[in-house]
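Written out below as structure tokens is the structure these notes cover.
The values are calculated or read from the model by the stated rules, or taken from the named source; none is laboratory data. Everything numeric here is computed off the predicted structure, so don't read it as measured data. Positions of Cβ are backbone-derived with ideal geometry, glycine not excepted, and every protein chain shown enters the neighbour counts. All accessible areas refer to the heavy atoms of the entire protein, side chains included, with ligands and DNA or RNA removed. Shrake-Rupley method; radii C 1.70, N 1.55, O 1.52, S 1.80 Å.
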Amino acid sequence: MRLDPYLLRKDFPMYSKHDSSFEGKPLVYLDNCATSFKPQCVIDACNHYYEDITANTRRGDYSLAHQADKAYDEARATVAKFLNAKDSKEIVFTSGDTFGMNMAAYGLLPLLKEGDEILLSPSEHASNVLPWFEVAKLSKAKITYVELDEENRITLENYQKALTSKTKIVSLASVGNVLGYAIDVKKFVSLAHEVGALYIDDAAQSVAHKKSDVQDSDVDILVFSGHKMLGPTGIGTLYGKMSVLEKMKPLFYGGEMNARFKRDGYLTLDDIPERFEAGTQNVAGALGLAKACEYLSSIGFDAIEEHEAMLRKRAIEGLKKNGNAIIYNENSDTGIVTFNIKDVFAQDVATYLSSKGVFVRSGQHCAKILPEYLKTQGTVRASFYIYNTIEDVDTFIAACATAEDFLDAFFS
Amino acid sequence: MPFSLDHQELLREIIVDNYQHPRNFGEVNDDSYVTIHMDSASCIDDIYIQVKMVSDKIEDVKWHGTGCAISMASTSIMSELILGAKKEDALNIMKEFNKMMAGEDFDEEVLGDAICFINVNRQPSRITCANISWRGLQKAFLEEEKKEHV
Ligand SMILES: Cc1ncc(COP(=O)(O)O)c(C=O)c1O
């Protein structure tokens, strides 16, 4: 079924509470790759913990604590179902994607040795590059890259060229956060497994937009943030296959992750996933994240993809008609449009659009190797989501048409 | 009415002119200059400011790099304002500039062309672009002080 963004907006206080406007102008929020708005049901799910069942989890013998435990376990099961994980024990709650990537990289450090290769791409986000740089330094493993094609895509062919018998880890975003290209995760995973490498999916930009099925794709680890998929900030997930989690070393040590310890340094770890969740957890966040999973599932990813594709097509056509834009990802697979206005610095475009109530991102979008390939220092990125409308796109296009007048943002 | 409010077009021209024809633009390879690199994770501005102090006077200023129109124009204008100035005078201009950014009363007289940034605080996220050069200068003064003490 087709998705109705006008109807969905009623669920989002950022629209419904403010009459879809901000500072007196219609709110045209097109920075969904950075973070998404939250529906009321997600906010309510978080508040339910604070208002009705506040107690620390996994340490109370009283019934209130039991309620909090139950809700937290149910949230884990809901996320497992959302990803089609075999077992909810394979779901580790984190504070977000960046945390998850660090947990994966440092967790796998003991498996790496000198000369091993960690395969990334030049379009990865800092959070899927820098933890590996650190781990490579510590293990003397080598970072290698899949070369991008002329469209700056990761192709299967180049990926196959980059995989070697020394590749021990492949870590790639299933959807890139600058150009929005998607990769065929299932195929990539099977090739990684053929050379004996583990495959890590940075799903920060895909979970909100495409169906994730970890059993079908067979990824070893999948990491994402809640806040980009209608969930709260400060919560995310690391999914790991049980056999992989068993090999991973926890990144954080402290309460609730140990079973026993003694003065001589003896330590036994708690079970999986608890051993990866040291300290008091973000219970409210977990409940909100689970609700976001349910909300997205109820809309359905076919409808979401169709809606984003429609908006993106309209935006590309509009930018082309305007005639003053350089588009970097005309054939992208998701609702991301990355461009520049000729002879105007990206940040100046973003400020100008902001003065028209259109909110987009400018810069390098945390993927600091990519500008070499795009041959530009920075770009402007508009990213669409379920609550964006045709009118949003049209306002955006109309504003871009006159972006050469960017100093109007300060004068007039 | 203050000059600044009556001459919007002129102020805009100053920005465009300094962006398109940056003053004191260039790079020197000379140890007697303090070099400050202004960049940050959140913006693409990547600007180097080089200052040569002789006792308490700014003997020369050069800068190079890339950035948005606001940061480039700001650096160009600052370089003209402080070239040949005494440190304390440069600090005084900086003080008035910061007041302007904060929307407080300020002394228009000392700001020269930098008055063109009077409206930047309409876009609060861009204040960091307009004052990047001044923040750089402040760092240069600190570096220079460190040098004096060794
Ligand atoms: C592809 C990708 N990976 C990782 C991240 C980091 O996510 P977070 O900042 O939520 O930890 C992002 C966020 O922009 C992203 O787009």
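Scan segment A:253-273 and tell me whether some residue there is within 16 Å of the ligand (Cβ to nearest atom) and modelled with pLDDT of 95 or more.
no
Can you find, within segment B:120-150, the residue that is farthest from the other protein chains (Cβ to nearest Cβ) among those that are open to solvent by 10 Å² or more (accessible area, probe 1.4 Å) and among the polar types (S, T, N, Q)?
Looking at residues that are open to solvent by 10 Å² or more (accessible area, probe 1.4 Å) and among the polar types (S, T, N, Q), I get B:Gln138.
Quick one: count up the residues across segment A:386-408 that are within 14 Å of chain B (Cβ to nearest Cβ) and either without any contact (Cβ under 8 Å) to a residue 60 or more places away in the chain or under 27 Å from A:Leu230 (Cα atoms) (or both).
3
Could you count how many residues in segment A:168-185 are polar (S, T, N, Q) and either open to solvent by 30 Å² or more (accessible area, probe 1.4 Å) or not in a loop (DSSP other than H, G, I, E, B) (or both)?
Matching residues across segment A:168-185 total 1.
Just checking, how many residues over segment B:30-80 are over 24 Å from B:Lys146 (Cβ atoms) and away from every other protein chain (no Cβ under 14 Å)?
Total satisfying the criteria: 3.
If I filter segment B:105-115 down to residues being in a helix (DSSP H, G or I) and open to solvent by 60 Å² or more (accessible area, probe 1.4 Å), which single residue comes out as nearest to B:Ala140 (Cα to Cα)?
Taking the candidates together, the pick is B:Asp113.
Taking the options A:Tyr328, A:Tyr295, A:Tyr253, name whichever one is in contact with a helix residue (DSSP H, G or I) (Cβ under 8 Å, 6 or more places away or on another chain), aromatic (Phe, Trp, Tyr) and more than 23 Å from A:Arg153 (Cα to Cα).
A:Tyr295
Could you please find all residues in segment A:186-208 being under 23 Å from A:Gly300 (Cβ atoms) and open to solvent by less than 20 Å² (accessible area, probe 1.4 Å)?
Those that are under 23 Å from A:Gly300 (Cβ atoms) and open to solvent by less than 20 Å² (accessible area, probe 1.4 Å): A:Asp201, A:Ala203, A:Ala204, A:Gln205, A:Ser206, A:Val207, A:Ala208.
Which of the helices (runs of 4 or more DSSP H) contained wholly in segment A:295-412 include at least 1 residues that are open to solvent by 60 Å² or more (accessible area, probe 1.4 Å) and in contact with a Pro (Cβ under 9 Å, 6 or more places away or on another chain)?
A:371-374, A:390-401
Suppose we filter A:Leu156, A:Leu111, A:Leu138 for residues that are touching a residue at least 40 places away in the same chain (Cβ under 8 Å), more than 16 Å from the ligand (Cβ to nearest atom) and away from every other protein chain (no Cβ under 14 Å); which single one remains?
It is A:Leu111.
Taking A:Phe345 as the residue in question, decide whether it is of a type in the set (Phe, Trp, Tyr), more than 16 Å from the ligand (Cβ to nearest atom), within 14 Å of chain B (Cβ to nearest Cβ) and in contact with a helix residue (DSSP H, G or I) (Cβ under 8 Å, 6 or more places away or on another chain).
The answer is yes for A:Phe345.
Can you pull out every residue in segment A:216-249 that is touching an Asp or Glu at 6+ places or on another chain (Cβ under 8 Å) and more than 16 Å from the ligand (Cβ to nearest atom)?
Passing the criteria: A:Ser217, A:Gly240, A:Lys241, A:Met242, A:Val244, A:Leu245.
For the structure I just gave you, tell me whether B:Ala102 is within 23 Å of A:Phe411 (Cβ to Cβ) and small (Gly, Ala, Ser).
For B:Ala102, the condition - within 23 Å of A:Phe411 (Cβ to Cβ) and small (Gly, Ala, Ser) - is met.
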